[in-house]
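The structure that follows is given in the form of C-alpha cells.
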Amino acid sequence: DRQNLKSILMKASEAKISEYEKYLNGVDLLLPLLAEEKHALARAFDEVTLTRDEVVMQQGEAGNCMYLLYDGEVKILKDGKEEARLVASESAGVTQIFAER
C-alpha cells in the first residue's frame, strides 16, 4: 500500500544520506563541521555518475555547486595543463572535494 511504499522510500533515502555522511567524514576540510551540518549537507547531494574523460566543469564557468569524489580520479586542468589529479577510493575511505573557484 501507499504508506508501506513511502516508508520503504524514506528508509532508502536515509540510508543514502548516511552513506554520504560517511564520505563527508573522509574530507579533512569538512572535519570541523558538526554532525548536524554534515547531515544537512548530505541531504542536499544529487548523485551523478561520470564516464572516463567526461568534462565536469570548464575553466571560467560560474560555480554553483561542489563535487564530492568518493571513488575514481579527476584531473584538474588550468589553461589546458594538468594542475592536479584527485584520487578517491571508497574501499580506502579516501574522499576528495572540488568546485570551481
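The values are calculated or read from the model by the stated rules, or taken from the named source; none is laboratory data. Quantities reported herein were computed from a predicted structural model and do not represent experimental measurements. Note: ideal-geometry Cβ built from the backbone for every residue, glycine included; neighbour counts use all protein chains shown. We work out accessible area using only protein heavy atoms, side chains counted, and drop any ligands, DNA or RNA first. Shrake-Rupley method; radii C 1.70, N 1.55, O 1.52, S 1.80 Å.
What net charge is computed for the residues neighbouring Lys75, neighbours being all others with C-beta under 14 Å from the C-beta of Lys75, Lys and Arg scored +1, Asp and Glu -1?
Its environment carries a net charge of -2.
Just want to confirm a number: the relative contact order over the chain, from Cα pairs under 8 angstrom separated by 6+ residues, in percent.
Result for the chain is 26 percent.
I'd like to check one number: the per residue accessible area of the chain, probe 1.4 Å, reported in Å² as a whole number.
Ligands and nucleic acids excluded, the figure is 78 Å² per residue.
Next up: Once amide H atoms are placed 1.01 Å from N in the peptide plane, what residues at a sequence separation of 5 or more from Ile97, or on another chain, have their amide H within under 5 Å of its amide H?
For Ile97, whose amide H was placed from the backbone, the distant partners under 5 Å are Leu69.
Oh, and also: Given a Förster distance of 30 Å, report the FRET efficiency between Ala92 and Gln59 from their Cβ-Cβ distance, rounded to the nearest 0.05.
So, using R0 = 30 Å, E works out to roughly 0.55.
Helix-derived [θ] at 222 nm for the chain: sum -39500 (n - 2.57) over DSSP H runs of at least 4, divide by residue count, nearest 500?
Computed mean residue ellipticity for the chain: -10500 deg cm²/dmol.
I've got another one for you. If we count every other residue with Cβ under 14 angstrom of Leu50's Cβ, Lys/Arg +1 and Asp/Glu -1, where does the sum land?
Once positives and negatives cancel, what remains is -4.
Give a residue-ordered list of calculated ³J(HN,Hα) values for the stretch 47-63 (Karplus: 6.51 cos²θ - 1.76 cosθ + 1.60, θ = phi - 60°; whole Hz; x for Gly, Pro).
My calculation for the stretch 47-63 gives 7, 10, 10, 10, 9, 4, 6, 6, 7, 8, 8, 9, 4, x, 5, 5, x Hz in order.
Here is a further query. For the chain, what % of the accessible area comes from carbon and sulfur atoms, probe 1.4 Å?
That fraction is 51 percent.
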